[in-house]
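Q: I have a structure I would like to understand better, so I am pasting it below and will then ask my questions one at a time.
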Amino acid sequence: MSIPGFSPFPEIPQRSTPEADFDAKMYALFQHFATTHRNELLAFIEFLENNSTVIDAALNGTTIGLTDPAAAKFTTLEADSIAGAAVQANATDASDGKLLTVGAGGILATNPPNLADPAQLDAPAGLYSIAASDGWPFDGALLQLRRNAGRGVQIAARGSSSAPNASSEVLLRTSGNSFGGWAQLVHTENLLGTVSESGGTPTGAVIERGSNANGEYVRFADGTQICISPDFTNLDVTETTGALYRTAAPISWTPPAGFGGAISMSGAVLSQGNSRTHWGTLRVLNSNSIDISVFAPTPATDRAVRAMVIGRWF
């Protein structure tokens, strides 16, 4: 049954017309409402009573609709009441034009459906659980976005049910006819941490900072490393060297973090105090050993310097 329509309304009379004509037109208008539109309104009410249901309550205190709706009528807002060919048969139903099932293994589910590695290209867009036992490189959750078969984006949160908070890794990969390698996404939880590499490719955090008794250091994911020594104090620059004076023996410094090789290192000695009274030089012996010498134009005691070295940690 289609929704009933309403016939056109008569022209509403204007008070500027002669009184007799106005009365006649008003009478005709009331007659139209009392007959034609009354029947039309009753037909519309009958339509509502037989073809709709107010959800969970009456409308403005008046119950309108079926007490016992016919089969397949929309009777509640709960998703599990919607059924039929227009709804996903299951969480992996990729048929076009269907309503997305919420819960019970679908999007927002507590336990999303498992996706085996061999099915990764053919699976529809959605949220999945993945496991190393199925051929994936790790356990976790996977969001697949797909333009068409064999082309799309996968975003994975790496973890496991036994240690769900052990890692905050989020990885992404894209596909043409096949998916490429996984790339780790940089975010606030892995920007700072322990840097690492495999074959020259960064595999850890972006920046690592640390300190120990030998000074402070900062490492970057590209391999760059900067080391700063603690202050070397109470130095006597009294040994005659031509027209200058120097410390009797070099100061031996082991950087707080090892470098990848002496050939990649360079640095400077910073005077702590008046640089006109003393200055220093350094010599790299190897990636973990540096000699520092301090010079002065006249004999000087109780001097202080600090060294800084820049190089690569791999």
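The values are calculated or read from the model by the stated rules, or taken from the named source; none is laboratory data. Note that this is a predicted model, so its numbers are computed, not measured. Using ideal geometry, Cβ is built from the backbone for each residue, glycine included, and neighbour counts are taken over all protein chains shown.
Q: Scan (1) modelled with pLDDT under 95; (2) closer than 30 Å to Ala183 by Cα; (3) loosely packed, with under 14 Cβ neighbours inside 10 Å for the single condition Ser289 breaks and write down its number.
A: Checking Ser289 against (1) modelled with pLDDT under 95; (2) closer than 30 Å to Ala183 by Cα; (3) loosely packed, with under 14 Cβ neighbours inside 10 Å, the one that fails is (2).
Q: Quick one: is Val305 touching a Cys at 6+ places or on another chain (Cβ under 6 Å) and aliphatic (A, V, I, L, M)?
A: Values: touching a Cys at 6+ places or on another chain (Cβ under 6 Å): no; aliphatic (A, V, I, L, M): yes.
Here the answer is no, as Val305 does not meet what is asked.
Q: Could you give me the residue pairs with C-beta distances under 6 Å whose first residue belongs to the stretch 37-50 and is under 16 Å from Ser7 (Cβ atoms), whose second residue is surrounded by fewer than 12 Cβ atoms within 10 Å (Cβ to Cβ) and among the aromatic types (Phe, Trp, Tyr) wherever it lies, and which are 6+ apart or on separate chains?
A: Taking only residues 6 or more apart or on different chains, the pairs are Glu40/Phe6.
Q: Could you list, in sequence order, all residues of the stretch 204-245 that are in contact with a strand residue (DSSP E or B) (Cβ under 6 Å, 6 or more places away or on another chain), of a type in the set (S, T, N, Q) and either exposed (fewer than 13 other Cβ atoms within 10 Å of the Cβ) or without any contact (Cβ under 8 Å) to a residue 24 or more places away in the chain (or both)?
A: Thr233, Asn234
Q: Something else about it: I want to confirm something. Restricting to the stretch 213-269 and keeping residues that are of a type in the set (Asp, Glu) and in a loop (DSSP other than H, G, I, E, B), which single residue is farthest from Val294 (Cα to Cα)? Lay out the reasoning, then the answer.
A: First pass over the stretch 213-269, keeping only residues of a type in the set (Asp, Glu): 216, 222, 231, 236, 239.
Right, trim to in a loop (DSSP other than H, G, I, E, B) and you get 222, 231.
Numbers: Asp222: 33, Asp231: 13 Å.
Ranking the qualifying residues of the stretch 213-269, first place goes to Asp222.
Q: Going by the structure shown, is Ala257 without any contact (Cβ under 8 Å) to a residue 60 or more places away in the chain and surrounded by fewer than 14 Cβ atoms within 10 Å (Cβ to Cβ)?
A: no
Q: In the stretch 150-184, which residues are at pLDDT below 80 and over 23 Å from Ser198 (Cα atoms)?
A: Those that are at pLDDT below 80 and over 23 Å from Ser198 (Cα atoms): Gly150, Arg151, Ser160, Ser161, Ser162, Ala163, Pro164, Asn165, Gly176, Asn177, Ser178.
Q: Kindly indicate whether Asn177 is assigned to a strand (DSSP E or B) and surrounded by fewer than 12 Cβ atoms within 10 Å (Cβ to Cβ). First the steps, then the outcome.
A: Values: assigned to a strand (DSSP E or B): no; surrounded by fewer than 12 Cβ atoms within 10 Å (Cβ to Cβ): yes.
No.
Q: Also: So Pro10 passes all but one of these: (1) at pLDDT 80 or above; (2) outside any helix (DSSP H, G or I); (3) not small (Gly, Ala, Ser). Which condition number does it fail?
A: Unmet condition: (1).
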